[in-house]
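The values are calculated or read from the model by the stated rules, or taken from the named source; none is laboratory data. Fair warning: this is a prediction, and the values are worked out from it, not measured in the lab. Cβ: placed from backbone, ideal geometry, glycine included. Neighbour counts: every protein chain shown.
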Amino acid sequence: MQNGKRLKKKKTTIKKNTLNPYYNESFSFEVPFEQIQKVQVVVTVLDYDKIGKNDAIGKVFVGLNSSGTELRHWSDMLANPRRPIAQWHVLKPEEEVDAQLSAKK
């Protein structure tokens, strides 16, 4: 995201028949250096439903305006461009992350 606008979207595979899905997937995004201070990477985990809407289980974002392990992950990625940096993140309620992102615009 940049200035509250989604720039790119990527989807993982659907993990069926589990309440505790494990995702071992990586994502790579090209971001021009002059834009890097204005970008956040937002991850939303959804409960997939064949009927009805998919509900958000939780959300997390990494970027300059994040905090804690999310900010540390962002800093590690900036310090090591073009190198994968693996990090576990705790999902937060969607409303909490959306409020943080809105406040950072």
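Looking at the range 28-55, I want the residues that are under 18 Å from Lys10 (Cβ atoms) and exposed (fewer than 15 other Cβ atoms within 10 Å of the Cβ) and have a partner that is at pLDDT below 85 and of a type in the set (Val, Ile, Thr) with Cβ atoms under 6 Å, at least 6 apart or on another chain. Which pairs are those? Once the first residue is under 18 Å from Lys10 (Cβ atoms) and exposed (fewer than 15 other Cβ atoms within 10 Å of the Cβ) and sits in the range 28-55, its partners that are at pLDDT below 85 and of a type in the set (Val, Ile, Thr) give Tyr48/Ile14. Residues in the range 19-74 that are out of contact with any Lys or Arg (no Cβ under 7 Å at 6 or more places or on another chain), assigned to a strand (DSSP E or B) and not hydrophobic (A, V, I, L, M, F, W, C): 4 in all.
With respect to the conditions (1) more than 15 Å from Ile36 (Cβ to Cβ); (2) part of a helix (DSSP H, G or I); (3) at pLDDT 90 or above, Gln87 lacks only one, and its number is (2).
Residue count for the range 15-41, restricted to those that are of a type in the set (S, T, N, Q) and closer than 15 Å to Leu78 by Cα: 4. Looking across the range 63-82, the residues that are modelled with pLDDT of 90 or more and surrounded by fewer than 12 Cβ atoms within 10 Å (Cβ to Cβ) come down to Ser67, Gly68, Ala79, Asn80.
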